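Each reported figure results from applying straightforward, stated rules to the coordinates on display, with no laboratory input. Every value quoted in this text rests on a predicted model; they were computed, and no experiment measured them. Here the Cβ is made from the backbone with ideal geometry for all residues, glycine too, and neighbour counts use every protein chain on show.
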């Protein structure tokens with residue numbers, strides 16, 4: 001059963017609180033980068049990807065790569081909510097001797113398709129998977145989530161050149177366009193704009209959506225296209241916690257006890 | 001050697017539907033036969049090597065056995081992090097083929113020399129490095145590589161290299177021994193073996209008992225063989241068309257330093273390229289080999305020096 005928007009909103013709020021709580025408890029950074037993509041991940045994992053514990057290692061499964069690996073808290077919290085990752089494992093994230101680190105790594109964790117953390121790798125890896133599906137005549141799809149800062153990397157554009165040439169319509173790139181990168185506005189660090197036009201000029205089927213609107217995200221993800229798709233998802237860094245929204249200090253800061261309480265009230269209302 | 005690679009990978013692909021060939025916009029006509037038989041298993045990835053390497057890892061993660069082909073410096077230096085994270089860390093079975101080993105493309109300038117490639121890649125966990133000396137050895141070793149897929153760098157020459165292998169046994173992981181001896185051990189790796197063998201024959205004509213071997217599998221190195229030779233021979237000459245850091249000379253020095261030799265230690269001569277760019281003049285491979293003292297006569301002289 002596909003959850004409706006109000007159910008998704010509630011799930012997303014719970015996931016956001018889980019992220020903030022883990023950041024506080026285990027001192028995990030990149031909190032705001034995780035919060036900006038929660039709704040995108042919810043749309044994927046609860047609406048379109050059809051991934052569950054039963055099929056997570058099936059060779060025919062749809063693939064998702066978190067190319068912006070620093071948002072690992074968001075991925076793990078969603079995998080937990082989806083029943084793919086255990087709470088016990090997630091509770092230990094980032095602590096000494098824990099299996100889960102602060103970027104997705106190759107420790108046999110179900111649901112992690114690629115070890116990321118160095119930006120600019122995920123889209124090329126996704127291309128390989130999408131091309132493999134074409135060669136092996138399989139019908140699975142490949143979705144890659146990038147950050148806007150990540151679009152500074154030349155390898156992203158190498159991959160962008162390759163995909164349309166080979167008609168990889170089973171590939172979707174989503175840019176979590178929260179307008180910030182580590183040290184400043186993404187438009188000021190590099191001339192990122194016009195971002196949608198760039199992807200369009202590279203031969204992709206581009207659509208721009210509000211990255212916090214489940215219906216818009218789901219429609220964009222479900223749209224059939226003869227070309228690879230680029231979804232430019234406009235988001236707010238730190239989304240969901242008023243005092244973190246659009247404040248880039250939360251790229252590296254972790255919340256204190258009182259801040260966690262405030263976030264809990266805002267997200268869970270109790 | 002390039003043509004032998006094209007022919008062999010085509011043969012392997014005929015027996016294994018998982019083989020996918022990627023090229024960095026070179027060797028186009030070379031792969032015509034492959035392309036016409038397997039149009040959906042050949043991809044020209046353009047002049048975008050970093051994407052090619054990670055893409056190949058993506059293919060491998062879905063059960064395919066990709067091989068990436070371009071000029072040695074471009075498939076190695078340029079893609080170092082892609083190789084580290086996407087191939088080696090994830091331990092995916094991709095073969096990277098670097099053509100133009102060492103000074104093969106001497107005249108094209110420093111950008112096209114590969115004198116640091118083995119040094120860089122040998123630091124990476126899970127990486128296997130193989131340097132055949134001629135077409136026949138390349139053919140055999142490539143087939144062996146596909147029997148035990150893992151991240152592999154295959155360092156080959158260009159074209160027109162002399163055929164060196166006659167009846168010698170060729171086995172991945174085992175040095176190819178051209179002659180056995182007890183006096184001098186003469187080790188090389190890859191296409192520089194043409195010079196090594198010339199020097200070795202001169203030494204044999206001068207009455208020396210010389211062990212000559214191509215240490216084609218640079219990683220993992222066959223330590224047992226090397227340690228045995230360190231016991232047997234009093235003089236060990238190591239030759240490589242590579243910089244002095246991180247290649248065969250470094251690796252053998254490392255084996256020696258870690259070994260527990262009984263009796264007197266052998267004396268070593270390491271012939272490799274100094275840690276400097278050859279930018280003061282240009283020249284062909286023969287000229288630059290002479291300049292860097294890794295040609296046959298330099299090897300001979302190093303062996304007879306006291």
Exercise. Taking springs between alpha-carbon atoms closer than 10 angstrom, which of B:82, B:205, B:223 fluctuates most in the Gaussian network model of chain B?
Worked result: B:205
For this session: From the C-alpha gyration tensor of the protein assembly as shown, pull out the three semi-axes of the equivalent ellipsoid (sqrt of 5λ each), sorted largest to smallest, in whole Å.
Result: 52, 25, 20
Exercise. When Rg is the radius of gyration of the Cα atoms in chain A and Rh is its Kirkwood radius, what does Rg/Rh come to?
Worked result: 0.94
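Per residue of B:75-85, how many C-beta atoms from partner chains lie within 10 Å of its own C-beta, taken as a mean? Each step should come with its number before you reach the end.
Numbers: counts 0, 0, 0, 0, 1, 0, 4, 6, 0, 1, 8.
Per residue, the number of nearby Cβ atoms from other chains is 2 on average.
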For this session: Please give the per residue volume of the convex hull enclosing the alpha carbon atoms of the range B:2-156, rounded to a whole number of Å³.
Result: 97
For this session: Using a 10 Å cut-off on Cβ to Cβ distances, tally the other chain neighbours for every residue of A:129-142 and report the average as a whole number.
Result: 4
For this session: Please arrange B:68, A:207 by counting, for each residue, the other beta carbons lying within 10 Å of its beta carbon, fewest first.
Result: A:207, B:68
Seminar exercise, completed: Per residue of B:32-40, other chain Cβ atoms within 10 Å number on average 1
For this session: Take the Cα atoms of the range B:135-283, find their three principal axes, and give me the spread along each one in whole Å, biggest first.
Result: 44, 41, 33
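For a quick protection proxy, order the peptides A:19-27, A:167-175, A:187-195 by their average other-Cβ count within 10 Å, most packed first.
Top to bottom by mean Cβ count within 10 Å: A:167-175, A:19-27, A:187-195.
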Seminar exercise, completed: For chain B, the Cα-Cα pair-distance distribution in 10 Å bins from 0, as whole percents, is 6, 29, 35, 21, 8, 1, 0
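Please compute the contact order of the range B:3-86 in relative form: average sequence separation of alpha-carbon pairs under 8 Å and at least six residues apart, divided by the residue count, as a percent.
Numbers: 102 pairs, mean separation 27.7, N = 84.
Worked out over the range B:3-86, it gives 33 percent.
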Problem set entry | Between the range A:123-172 and the range A:45-92, the alpha-carbon center distance in angstrom | 19
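How would B:113, B:242, B:292 line up from fewest to most surrounding beta-carbon atoms within 10 angstrom? Each step should come with its number before you reach the end.
Values: B:113 25, B:242 30, B:292 20.
Neighbour counts put them in this order, fewest first: B:292, B:113, B:242.
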Seminar exercise, completed: In degrees, nearest 10, the alpha-carbon axis of helix B:248-258 is tilted away from the dominant principal axis of the alpha carbons of chain B by 60
Seminar exercise, completed: Helix B:193-205 sits off the longest principal axis of the Cα atoms of chain B, rounded to the nearest 10 on a 0 to 90 degree scale, by 20
Exercise. Where does each of B:243-256, A:145-158 land if you order them by average Cβ count within 10 Å, highest first?
Worked result: A:145-158, B:243-256
Exercise. For chain B, what relative contact order do you get, as a whole percent, if you take Cα pairs closer than 8 Å and at least 6 residues apart?
Worked result: 16
Problem set entry | Helix-derived mean residue ellipticity, 222 nm - over chain B, DSSP H n ≥ 4, -39500 (n - 2.57), to 500 | -10000 deg cm²/dmol
Problem set entry | Bridge type composition, the protein assembly as shown - antiparallel percent by DSSP, nearest 5 | 15
Exercise. Sorting A:200, B:216 on the 10 Å Cβ count, fewest up front, what's the list?
Worked result: A:200, B:216
For this session: Can you tell me the 0 to 90 degree angle between the C-alpha axis of helix A:72-81 and the longest principal axis of chain A, rounded to 10?
Result: 80
For this session: Indicate, rounded to the nearest 5 percent, the antiparallel portion of the DSSP beta bridges found entirely in the range B:176-304.
Result: 15
Problem set entry | GNM top mover of B:215, B:156, B:236 - chain B, alpha-carbon springs below 10 Å | B:236
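What's the ranking of A:62-73, A:109-120 by average number of surrounding C-beta atoms within 10 Å, highest first? Don't skip to the answer; put the middle values down first.
Details: A:62-73: 26.8, A:109-120: 20.7.
Peptide ranking by packing, descending: A:62-73, A:109-120.
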Exercise. DSSP beta bridges in the range A:120-257, what fraction antiparallel, as a percent rounded to 5?
Worked result: 10
